[in-house]
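To start, the structure itself, in structure tokens.
The values are calculated or read from the model by the stated rules, or taken from the named source; none is laboratory data. On a predicted model such as this, the values are computed, not experimentally measured, just so you know. Every residue, glycine as well, gets a Cβ built from its backbone with ideal geometry; the counts of neighbours run over all protein chains shown. These accessible areas exclude ligands, DNA and RNA; they are computed on the full protein's heavy atoms, side chains included. Shrake-Rupley method; radii C 1.70, N 1.55, O 1.52, S 1.80 Å.
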Amino acid sequence: MSSHSPSNLAQSKLPPLTPGAYRKRLFVVALIATFGGLLFGYDTGVINGALRPMAAELGLTAFTEGVVTAALLFGAAIGAAVCGRLSDGWGRRKAIILLAVMFFIGTMTCVFSPSFEVMVAGRVILGLAVGGASTVVPVYLAELAPYEIRGSLAGRNELMIVIGQLAAFVVNAIIFNVWGEHEGVWRYMLAVAAIPAIALFFGMLRVPESPRWLVEKGRHDEARAVLETIRPFDRAQAELADVETIAEEEREQKVTGWRGVLANKWLLRILLVGIGLAVAQQLTGINSIMYYGQIVLIEAGFSENAAIIANIAPGVIAVVGGFIALWMMDRVNRRTTLLIGFTLTTICHVLIGIASVALPVGNPLRPYVILFLVVAFVGSMQTFLNIAVWVMLSEIFPLHMRGFGIGVSVFFLWITNAFLGLYFPSLVEAVGITGTFFLFAGVGVLSLIFVWTSVPETRGRTLEALEEDVTTGAIYTINKRRGVNV
């Protein structure tokens, strides 16, 4: 391998970050890129309130409602797998520009949809864009960020996702209560997504490409020019040297593509860790609440109008939890936040199941207790799990397989998400709220075991240092010395 000490690569040589105009530039670039996350959130959350009036106008059945919801999710799985590879070959920035166009086309297709079939086609297009954004934007942010603030900067995308979901819930509630009697009211709800799609397109035309991707493609002068706009001058030179060293080592070893991953047991292990994190996040059932929260609250005892308003509460707590999570990302170890998060969400699942048994339908306390527990679950999820998982997926993979690794992981995330989206209404109908949330609790216990035994710590390391240690398996030795049980 290299002559670098795995535990000391990069950090020991990098000059400290000093105040400067580069910080403002870095945060503006991050803000523009995270419009992809905002669209991700809005397009996945808007179905929560739009589905019932849409079903009435388009004549949807319970199954076709699930198809409309899941069409975006299966499309997202494909988009994640394809766009990860696309961004490796074509560039992070160009890939995000393409996604902005797809967001707009998908939105317009859904807004003017005359039938179930066209609606499904539009949702698939949106899904391709959502899946692509969930893969490319976190990688773009992680590759732009200094390691000292990588967690909070890359985590902004997940915060924008929940802001987008909250915006969808609020827009749905306003439009439904003001224009609820209008035919096609759901079309107004969907049309709002066109605005951030346009902003993302024009914004990305003005931001730089990832300097790490540029180095991998041999465009070193362009990479230096980008780094000098988002770092102090001496720090930019030092970071560029580290990235060039790692890129050269990879070329010498010919560790590229999926064959290289499968041939290296440590790369295969980290890929399986990424897939496990992605699937575990989804099997908490968080997106079932985000898509079908109104249905759960109606099942709990709220009226339809009250449910669509009460549904804003989980959206609000998700945003509050997101801000807390960003604060923690650069201060608390990633594994610690994951373990706390899976513990809290599992407890919430058990309590929701118990409450639905102890408070039968008709009990006036039932809807409010279940709403409180759902809000507690969403808050726990957003504070300790969502941002931490997305940040780890953006940073654990080496440069040569970063797009591929996160693409495969997020593919499995969206497939899991899609099957939950497709079958959640049927699951609730078959076993009720009680059985559904007890099932989620059982999976939560398995997720805790997985994190405790298999997930390495990544906080406080440069991407280059992580890459060196992941490729050789040294990360597990280092973490054991630090007291991390993997």
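Given the structure, is Leu338 closer than 26 Å to Ala145 by Cα and either open to solvent by 50 Å² or more (accessible area, probe 1.4 Å) or modelled with pLDDT of 90 or more (or both)?
Details: closer than 26 Å to Ala145 by Cα: yes; either open to solvent by 50 Å² or more (accessible area, probe 1.4 Å) or modelled with pLDDT of 90 or more (or both): yes.
Yes, satisfied.
Could you please tell me which pairs satisfy a Cβ distance under 9 Å, a separation of 6+ or placement on different chains, a first residue in the range 202-222 that is under 14 Å from Ile97 (Cα atoms), and a second residue that is open to solvent by 30 Å² or more (accessible area, probe 1.4 Å) and polar (S, T, N, Q)?
Taking only residues 6 or more apart or on different chains, the pairs are Pro208/Thr229.
Do we have any residue at all in the range 330-346 that's in a helix (DSSP H, G or I), out of contact with any His (no Cβ under 6 Å at 6 or more places or on another chain), β-branched (Val, Ile, Thr) and over 17 Å from Phe384 (Cα atoms)?
Scanning the range 330-346 turns up no residue that is in a helix (DSSP H, G or I), out of contact with any His (no Cβ under 6 Å at 6 or more places or on another chain), β-branched (Val, Ile, Thr) and over 17 Å from Phe384 (Cα atoms).
Enumerate the helices (runs of 4 or more DSSP H) found wholly within the range 185-249, keeping only those where 1 or more residues are under 19 Å from Val29 (Cβ atoms) and not aromatic (Phe, Trp, Tyr).
Counting at least 1 such residues, we get 194-204, 211-216, 220-230.
Pick from Phe397, Phe440: which is more than 17 Å from Ile352 (Cβ to Cβ), open to solvent by less than 40 Å² (accessible area, probe 1.4 Å) and of a type outside the set (Gly, Ala, Ser)?
The match here is Phe397.
So in the range 447-460, with the set limited to residues that are farther than 10 Å from Thr346 by Cβ, part of a helix (DSSP H, G or I) and among the hydrophobic types (A, V, I, L, M, F, W, C), which one is least open to solvent (accessible area, probe 1.4 Å)?
Val451
If a residue has to be within 14 Å of Gly460 (Cβ to Cβ) and open to solvent by less than 10 Å² (accessible area, probe 1.4 Å) to count, how many in the range 143-153 make the cut?
Summing the residues that are within 14 Å of Gly460 (Cβ to Cβ) and open to solvent by less than 10 Å² (accessible area, probe 1.4 Å) in the range 143-153 gives 4.
Considering only the range 291-329, state which residues are outside any helix (DSSP H, G or I) and buried (at least 24 other Cβ atoms within 10 Å of the Cβ). Even if it seems obvious, please write down each step before you answer.
First, pick out the residues of the range 291-329 that are outside any helix (DSSP H, G or I): 301-303, 311.
Once the filter is applied, which keeps residues that are outside any helix (DSSP H, G or I) and buried (at least 24 other Cβ atoms within 10 Å of the Cβ), the range 291-329 yields only Asn311.
Can you pull out every residue in the range 461-473 that is open to solvent by less than 10 Å² (accessible area, probe 1.4 Å) and among the hydroxyl-bearing types (Ser, Thr, Tyr)?
Passing the criteria: only Thr462.
Please go through the range 400-437 and give me each residue that is among the hydrophobic types (A, V, I, L, M, F, W, C), open to solvent by less than 20 Å² (accessible area, probe 1.4 Å) and within 30 Å of Val470 (Cα to Cα), ordered by number.
Listed by number, the residues that qualify are Met401, Ile406, Val410, Leu413, Trp414.
Limited to the range 363-382, what total is found for residues that are open to solvent by less than 20 Å² (accessible area, probe 1.4 Å) and either small (Gly, Ala, Ser) or under 16 Å from the mean Cα position of the chain (by Cα) (or both)?
Final tally of qualifying residues: 5.
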